[in-house]
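> Attaching a single structure in structure tokens format; questions to follow.
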Amino acid sequence: MPLELLAQNTTFFLGCVFILGLMVGSFLNVVVWRLPIMMDRQCKTECREILELPPEAEDGTYNLILPASTCPHCEHKIRPWENIPVISYLFLRGRCSQCKKGISPRYPIVELATALISLLVASHFGYGLQTLLVLGLSWCLIALTLIDFDHQLLPDDITLPLIWAGLIINSFGIFTSLESALWGAVAGYLSLWSVYWLFKWATKKEGMGYGDFKLLAALGAWMGWQVLPMVILMSSFVGAFIGIMLVLFKGRDHNLPIPFGPYLAAAGFIVLLWGDKLAAQYLRLMAF
Ligand SMILES: [Zn+2]
């Protein structure tokens, strides 16, 4: 019955997607904060094992669910009513209810942005499987973007499952054929991999990371090899533009690495939604 309502009433459907987007955005804030810490812990544990050192004292469980979120300043446990996306932030006026220290506006912004992006996806693809799948992909891209911004890191825990998911989904031909998905993953990885080695050979510097290859492989697996030139072109333009702006206006050292993942993710999302239109526009321009 509720499913029928979702299918028949567009406003209701979009409203539900928006609210779902807010809640997912709230969860993504947790993922972006905790996943790098979890990876760091995992890595240290494994290194100690390899070096045959005794394990470090247990810090207790730490995953995406436990322990419950606390205020970073006063350890005040965040109660359910303080955890409602966006609304709690406004209600608390951006301050912890206990110590009154400011809460970063980034949290409600991520929640709202996730909800708006989800809304965009749902109104573009309409009620159905495609929306569900693209929502999943978009949420992963948001998490990757933020983690890459914070840590210059694209976790395998997100990129590798995305590659597999793209291949499995397209074995049913949902976005493209399995064949073009497979070669999309291969070409996506190899194209940036070759750029990386050429760049390294020419400048003795590292221009990007292995995470970028895997992310482009995932985009290729979801959309097929045909979209890769457009994704690379678009992300390079946006990346170069923002990079130049940062150097010019913020006096940023041009030797500092600029994460490439966010641009790849943004370009992938744009191509996923409007790739056909952009390609048609481009061909029309070239015809003149
Ligand atoms: Zn506090």
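Only the coordinates and a few stated rules stand behind these numbers; no lab work does. Computed from a prediction, not measured in an experiment: that's the story for all the values here. In this analysis, Cβ positions are derived from the backbone assuming ideal geometry, glycine residues included, and neighbour counts consider all displayed protein chains.
> Return the inverse of the average 1/r over all pairs of distinct C-alpha atoms in region 1-126, which is the Kirkwood hydrodynamic radius, in Å to one decimal.
The Cα-based Kirkwood calculation yields 17.2 Å.
> With only alpha-carbon pairs counted, each pair once and no self-pairs, how large is the Kirkwood hydrodynamic radius of region 188-240 in angstroms?
Taking every pair of different Cα atoms in region 188-240, averaging 1/r and inverting gives 11.4 Å.
> May I ask for the Kirkwood hydrodynamic radius of region 62-160, worked out over all distinct Cα pairs and given in angstroms to one decimal?
Value: 15.6 Å, from the Cα pair sum.
> Using every alpha carbon pair in region 168-279, what percent of pairs falls into each 10 Å bin from 0 up to the bin containing the largest distance?
15, 42, 30, 11, 2
> Looking at region 109-200, I'd like the Rg to Rh ratio, where Rg is from alpha-carbon atoms and Rh is Kirkwood's inverse mean 1/r.
With Rh from the inverse mean 1/r over Cα pairs, Rg/Rh is 1.02.
> Related question: What are the residues whose amide H is under 5 Å from the amide H of Arg95, where those residues sit 5 or more places off or on another chain and H is modelled from the backbone?
Result for Arg95 returns Ile103.
> To continue, here is another question. Where Rh denotes the Kirkwood radius from the mean inverse Cα pair distance, what is Rg over Rh for region 150-201?
1.08
> Rounded to the nearest 20 Debye, what is the dipole magnitude of the chain about its Cα centre when Lys and Arg each give +1 and Asp and Glu each give -1 at the C-beta?
With only Lys, Arg, Asp and Glu charged at Cβ, the dipole is about 940 debye.
> Provide, in order from the shortest bin, the percent of all Cα-Cα pairs of the chain in each 10 Å bin, continuing until the bin that contains the maximum pair distance.
Pair shares across the bins are 6, 22, 30, 26, 12, 2, 0.
> I would also like to ask the following. By per-residue mean of other Cβ atoms within 10 Å, what is the highest-first order of 24-34, 39-49, 83-93?
24-34, 83-93, 39-49
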